[in-house]
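A.B. asks: Sharing a structure here in structure tokens format.
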Amino acid sequence: MKISVCVIGLNEEKNLPDCLKSVKGIADEIVYVDSFSSDKSCAIAKKFGARVFKQKFLGHVGQKNFAVKKAKNDWILSLDCDERLSDKAVESIYALLEKGESGANGVNAYSFNRKNFYIYRWINHSGWYPDTKVRLFNRKSAEWQGENPHDRVRVLEGKTEWLKGDILHYSFTSISDHIRTLESFSTIAAQEAFKKGRKVSLVGVFFRSGWVVIRKFFFELAFLDGAAGFVITYYSAVSTFSKYIKLYMLHKTPHPQPPLHKVERGLKSSSTKQV
């Protein structure tokens, strides 16, 4: 079992060193795909011995699949720049390597709990923990899928086993950081939904946002995370409202139609492909 660690990033010089340090000893190679950073991200990756590729951002799913394709090994460990493996997670992977149990009994993927650090504390509730993610997988049997900006590994064949140890996620450093991400992700999510023809009513916008508050507070016990839990609940509702109100507005905004002759050419071309 040889492991290729795949990481994508843009201007991540602050996070990248700790991310790459955490995989030292278990990575047979590191693949770093950079979206044309203006900081020292690429130099840092090379310092850790990474093979560095520059690629215009293809979306979260596309970029991660691009990194997987550049790997030399079939077993992929995928991390974001703001994530690190805990010591226990490293031990669990070492145990796999020592016992030679990778792929045994039809297991083609391994999942970990992900623990999120929010501004000043670790979050133990609020729907943010255990936040189980598949991050170690055989690329012959799994791939990145999902709807931007949210991605996930889908295992196409074989079993998935859970490994002890957390992936440590340093999510947001400030409220401002959270708001910037919220704005960006809600726009991307609304555009993706619009492309797929999804619609939402104005009543639906408010209903979905209100349900987030109820779910977070009463079912996911956000109040047990103290002030951070209240903030997470509030901005989760704001994020949902922002996504769906943007989707609602996209359907209300006139969109220019292509000239008729282009439409006709497209129809003829499509019909030719079908034949």
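A.B. asks: Among the residues of the stretch 196-227, write down those that are under 15 Å from residue 248 (Cβ atoms) and assigned to a helix (DSSP H, G or I).
C.D. replies: Correct list: 202, 203, 204, 205, 206, 207, 208, 209.
A.B. asks: Okay, next question. Specify the residue that is surrounded by the most Cβ atoms within 10 Å (Cβ to Cβ); the eligible residues are those in the stretch 194-229 that are more than 25 Å from residue 121 (Cα to Cα) and β-branched (Val, Ile, Thr).
C.D. replies: 205
A.B. asks: Condition first: within 15 Å of residue 18 (Cα to Cα), part of a helix (DSSP H, G or I) and among the hydrophobic types (A, V, I, L, M, F, W, C). Now tell me which residues in the stretch 39-88 satisfy that.
C.D. replies: 42, 43, 44, 45
A.B. asks: Follow-up question, since we're still on this one. Do we find a residue being within 19 Å of residue 135 (Cβ to Cβ) and surrounded by fewer than 21 Cβ atoms within 10 Å (Cβ to Cβ) anywhere in the stretch 32-39?
C.D. replies: No, that holds for no residue.
A.B. asks: Condition test on residue 230, is it among the aromatic types (Phe, Trp, Tyr), closer than 26 Å to residue 117 by Cβ and either part of a helix (DSSP H, G or I) or out of contact with any strand residue (DSSP E or B) (no Cβ under 7 Å at 6 or more places or on another chain) (or both)?
C.D. replies: yes
A.B. asks: What strands (runs of 3 or more DSSP E) lie completely within the stretch 112-160 and have 1 or more residues being of a type in the set (Phe, Trp, Tyr)?
C.D. replies: So the answer is 121-123, 133-138, 142-147.
Where a number appears in this text, it was derived from the coordinates with a stated rule and is not lab data. All values derive from a computational prediction rather than experimental measurement. Heads up, the Cβs are rebuilt from the backbone with ideal geometry, glycines too, and the neighbour counts pull from every protein chain shown.
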